[in-house]
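Participant: Quick one: the structure is below, questions incoming.
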Amino acid sequence: MSTPNTEQVLAELTRVLEARKQNADPKSSYVASLHAKGLNKILEKVGEECTETLLAAKDAERNGDNQHLIMETADLWFHSLVMLSHLGENADAVLNELARRFDLSGHAEKAARNNQT
Ligand SMILES: N=c1c2ncn([C@@H]3O[C@H](COP(=O)(O)OP(=O)(O)OP(=O)(O)O)[C@@H](O)[C@H]3O)c2ncn1[C@@H]1O[C@H](COP(=O)(O)O)[C@@H](O)[C@H]1O
């Protein structure tokens, strides 16, 4: 099987996450078990994975091996997608927001945000 592209991976994961949220038994599905435990548990996992990712990045800088960092970042992305799903959103909303920012400098975007407040 060829390596799936970014769009295919996010689309398939989004489909599976939605199906697990709707139909799955928390005893057999980790995703369903997170939804059953509620938002605070999901946020706890996002926070944990965020910290683990930061530590893995520092290790990667020290030892030149990015493999652990990639695993931790995958955990962080996955739990962030479960968080979005729990709140009725999905990866498309984030991808659309990133697409909206194409060709917009980070400095200009930040200035526009500050002018809104
Ligand atoms: N991508 C993932 C994925 N990444 C990480 N994880 C799980 O996330 C958990 C977090 O890791 P931890 O080491 O923090 O787990 P833990 O210590 O057991 O967790 P806690 O006791 O602290 O809650 C592990 O159980 C991982 O297996 C994932 N679980 C599921 N998926 C995807 O979601 C789909 C649906 O999963 P199920 O709902 O389990 O069928 C799967 O087919 C995958 O595509």
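Participant: I'd like the FRET efficiency for Glu44 and Ala11, computed as 1/(1 + (r/R0)^6) with the beta carbon distance as r and R0 of 35 Å, rounded to 0.05.
Facilitator: Efficiency for this residue pair is about 0.80.
Participant: Looking at the chain as a GNM with Cα springs under 10 Å, which of Asn63, Asn23, Asn40 has the largest mean-square fluctuation?
Facilitator: Asn63
Participant: So, in nm, how far is label Thr51 from label Lys27 when the simple model puts each one 7 Å beyond its Cα toward the Cβ?
Facilitator: 3.3 nm
Participant: Run lengths n ≥ 4 of DSSP H only: what is the helix-derived mean residue ellipticity at 222 nm for the chain, with -39500 (n - 2.57) per run over all residues, to the nearest 500?
Facilitator: Using -39500 (n - 2.57) per qualifying helix, the result is -26000 deg cm²/dmol.
Participant: Within the accessible area of the chain, what % is carbon and sulfur when the probe is 1.4 Å and the other protein chains stay in place?
Facilitator: 56 percent
Participant: In terms of the Cα gyration tensor, with a ≥ b ≥ c the square roots of its eigenvalues, is region 6-117 rounded because a/c is under 1.5, prolate because a/b exceeds b/c, or oblate?
Facilitator: Details: a/c = 1.85, a/b = 1.21, b/c = 1.52.
Since a/c reaches 1.5 but b/c is at least a/b, the shape of region 6-117 is classed as oblate.
Participant: Percent relative contact order of region 8-91, based on C-alpha pairs within less than 8 angstrom and at least six residues apart?
Facilitator: 32 percent
Participant: Now, a different point. Write down the accessible area per residue of the chain in Å², having rolled a 1.4 Å probe over the full set of protein chains.
Facilitator: Working: 8570 Å² over 117 residues.
It amounts to 73 Å² per residue over the chain.
Participant: Let me ask you something else. Hey, got the dipole for region 8-91? About the Cα centre, +1 on K and R Cβ, -1 on D and E Cβ, debye to the nearest 20?
Facilitator: My answer is approximately 360 debye.
Participant: For region 1-70 and region 92-117, compute the distance between their C-alpha centroids and round to whole Å.
Facilitator: Value for the Cα centre distance between the two parts: 25 Å.
The values are calculated or read from the model by the stated rules, or taken from the named source; none is laboratory data. Just so you know, these numbers come straight off a predicted model, no measurement behind them. Ideal geometry is used to build each Cβ from the backbone, glycine not excepted, and the neighbour counts take in all protein chains shown. In case anyone asks, the SASA skips ligands and DNA or RNA and just uses the protein heavy atoms, side chains included. Shrake-Rupley method; radii C 1.70, N 1.55, O 1.52, S 1.80 Å.
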